[in-house]
Amino acid sequence: MRNYLLIYVNGRRHQISGERCFQSLSDYLRLDLGLVGTKVVCAEGDCGSCTVLVGRLRNGELKFEGFDSCIQYLYQLDCTHVITVEGLKQDNQIHPVQQAMVDAMGSQCGYCTPGFVMSMAAMLETRETLTRLSVQDALTGNLCRCTGYEQIIEAALSLPKFRSASSGLQPASKGFDQKVMVADFNRHALEPVLCEYVQKWNGATNRVRFFVPCTMKEAIKFKQKHKNVTVVAGGTDISVQINKQYIEPKCIMSLTNLNELDFIEVKNRKVKVGASVTWTKLGEFCQQNLSELSEIISLFASRQIRNAGTLAGNIANASPIADSLPFLHVIEAEIELTGNKGKRWVNINRFYHAYKKTEMAPDELITSIRWNIPDRSDILKLYKVSKRKDLDISTFTAGILLKLKHGKIKKARLAYGGVGPIVLRLPETERFLEGKPVTKSVFQHAGRIASDEIFPISDVRASTSYRTQLAENILIKFFHECCDNYHDKKEAA
Ligand SMILES: Cc1cc2nc3c(=O)[nH]c(=O)nc-3n(C[C@H](O)[C@H](O)[C@H](O)COP(=O)(O)OP(=O)(O)OC[C@H]3O[C@@H](n4cnc5c(N)ncnc54)[C@H](O)[C@@H]3O)c2cc1C
Ligand code: FES
Ligand code: FES
């Protein structure tokens, strides 16, 4: 068992122990290492000023992605290489991405600039083709208050011209000797980490600790012993609570080194997704295999958040507006819970008991999620309604799955989010739809039933009446988008 974290920053090795391990990466960079090029504005993953590259061991090499360092805590970063804006310099010259920002006048006050530069640098890591669309997507998680986005996008789009052999446009990670780090990480990665310190505050004394297990066995054993442990996966929910609601977990378990849960398996038309799978990895899989979910994932937060956040975290966080839930409810997904008595599968429709109350027992963890791939003839549609399209929390979500036979609805499954304390299935509406023909009047009537089955509240995002009207209208929208020409298509066939 190790009592220190091993993190490289811009090629320099750091062993971190004791109280210093319990800070956010942005604080560590700025306060401990004096790397103040990384800025902090919102401290909740919304603005991207704090973006850095994080390289993790994947198949024997380091894979780099952009992360918001304000909501990554050091205990999530054992055995990683962090590259900050200071680490971009090559041969004592500023990096071509920085030069492009200068040339395009992509900066005014400059506070957001290191974040934009790092998000562009992240694109170079994967050698992604730089198009207006891909650049806009890559910069969704970065906000600028004064320059205006056009110059920044122009800066990114000017980069391909550097790509000639003589341009020297290299991913930033290539400026470091990865071999040494990979060997160091390989030596350390199979060893769990336990760090603690005694916190003395206002006359009270508390022992604060975290554990980074490498195997499920170690994780379950720790959870069994410390039932109130705060589990951290990507941290995109929990670290925001630490930063903004000032929760102070005394015992933490970080799942980031649990590689055995980082898998997506497809067998006999059943998909199984491990609890460590990030939204980015799931999104890549869905692009090929589940386009409807892929659409929703493309609207989910920003790249920095998708690189860290997990599907399991979205489920366990139990928010009624979590974007994965309408899909998982209508697909009848099952959650694998592992605890000291072994494994059990729970249908997601029975997983939530009340607001933030779930079926998961104190000794259990979510270890994977599985569902059947819908039949080709099924109609699956997912909706996310939010105040703005990108990087926004949902006001209302919906999942609709229909099985049709001979022009009639054989099976209907509907789930709405943002209309009650948990995501709701709509049994009355489903019963009404089953056996009915696919016509506009049927969906209009179904909409009225649906609006009677929900309990929306008014909050900052929307009023009760807005959400009630949406519950009705979404079914008419669904009819026009997915079923309007159903009879024409059948006749043509
Ligand atoms: C800027 C921003 C934008 C966001 N946008 C969206 C959005 O568009 N849509 C959306 O749905 N969400 C959004 N979120 C919320 C968040 O990103 C997601 O809920 C994400 O999926 C959480 O996953 P995580 O791995 O980061 O969870 P964490 O924060 O690590 O954990 C969340 C909760 O789940 C528990 N947990 C995690 N893993 C397990 C496990 N394996 N077993 C048991 N418990 C576990 C933790 O203890 C914690 O209570 C956003 C968050 C931010 C900061
Ligand atoms: S400071 Fe805004 S995302 Fe980190
Ligand atoms: S240049 Fe001022 S916030 Fe972007």
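All of the numbers you see were taken from the coordinates with simple rules; none came from a lab. This one's a predicted model, so the numbers in the text were calculated from it and none came from an experiment. Note that we place each Cβ from the backbone using ideal geometry, even for glycine, and neighbour counts take in every protein chain shown.
Take the Cα of Lys270, step 7 Å toward its Cβ, do the same at Asn340, and the gap between the two points is 2.9 nm. Among Glu430, Glu125, a tally of other beta-carbon atoms within 10 Å of each Cβ gives an order, fewest to most, of Glu125, Glu430. Sorted ascending by nearby beta carbons within 10 Å, beginning with the fewest, Trp371, Trp279, Trp345, Trp201 become Trp201, Trp345, Trp371, Trp279.
Shape class of the range 217-350 from the alpha-carbon gyration tensor: oblate, with a/c at 1.5 or above and b/c at least as large as a/b.
In sequence order, the range 60-71 has phi-based couplings of x, 9, 8, 9, 9, 9, x, 10, 7, 6, 6, 10 Hz under the Karplus curve 6.51 cos²θ - 1.76 cosθ + 1.60, θ = phi - 60°, and Gly or Pro positions carry x. Projected over every direction and averaged, the convex hull enclosing the alpha-carbon atoms of the range 390-493 yields 7.2 nm².
Centroid-to-centroid, using Cα positions, the range 3-24 and the range 94-130 are 27 Å apart. Taking the three principal axes of the alpha carbon atoms in the range 91-169, the coordinate ranges are 36, 28, 17 Å, sorted in descending order. Applied to the range 72-82, the Karplus parametrisation 6.51 cos²θ - 1.76 cosθ + 1.60 on θ = phi - 60° returns per-residue 3J(HN,Hα) values of 10, 9, 4, 5, 8, 10, 4, 6, 10, 10, 9 Hz, with x for Gly and Pro. Remark: relative contact order (the range 262-373) = 30 percent; criterion is Cα-Cα distance under 8 angstrom and separation of 6 or more residues.
Estimated from helices alone, the mean residue ellipticity of the chain at 222 nm is -8500 deg cm²/dmol (sum of -39500 (n - 2.57) over DSSP H runs with n ≥ 4, per residue). Helix 279-289 versus the longest principal axis of the chain: what angle, 0 to 90°, nearest 10, using Cα atoms? For helix 279-289, the angle is close to 50 degrees.
Backbone amide hydrogens, once placed in the peptide plane, bring Ile252 within less than 5 Å of Arg209, Phe210, Phe211, Thr230, excluding anything fewer than 5 places away on its chain.
Take the convex hull of the alpha carbons in the range 1-63; its mean projected area over all directions comes to 5.5 nm².
Between the range 55-74 and the range 448-474, the alpha-carbon centres lie 40 Å apart.
When you count the other C-beta atoms within 10 angstrom of each residue and take the mean per peptide, 439-452, 230-243 line up highest first as 230-243, 439-452. Under the rule a/c < 1.5 gives rounded, and otherwise a/b versus b/c splits prolate from oblate, where does the range 39-131 land using the Cα gyration tensor? Judged from the Cα gyration tensor, the range 39-131 comes out oblate (a/c at least 1.5, b/c at or above a/b). Peptide packing: for 3-16, 172-185, the average count of neighbouring Cβ atoms within 10 Å per residue gives the ranking 3-16, 172-185, highest mean first. Over all distinct Cα-Cα pairs of the chain, the Kirkwood formula returns a hydrodynamic radius of 24.2 Å.
Suppose a student asked you for the relative contact order of the range 1-47, using Cα pairs under 8 Å spaced at least 6 residues apart; what percent would you report? Reported relative contact order: 21 percent.
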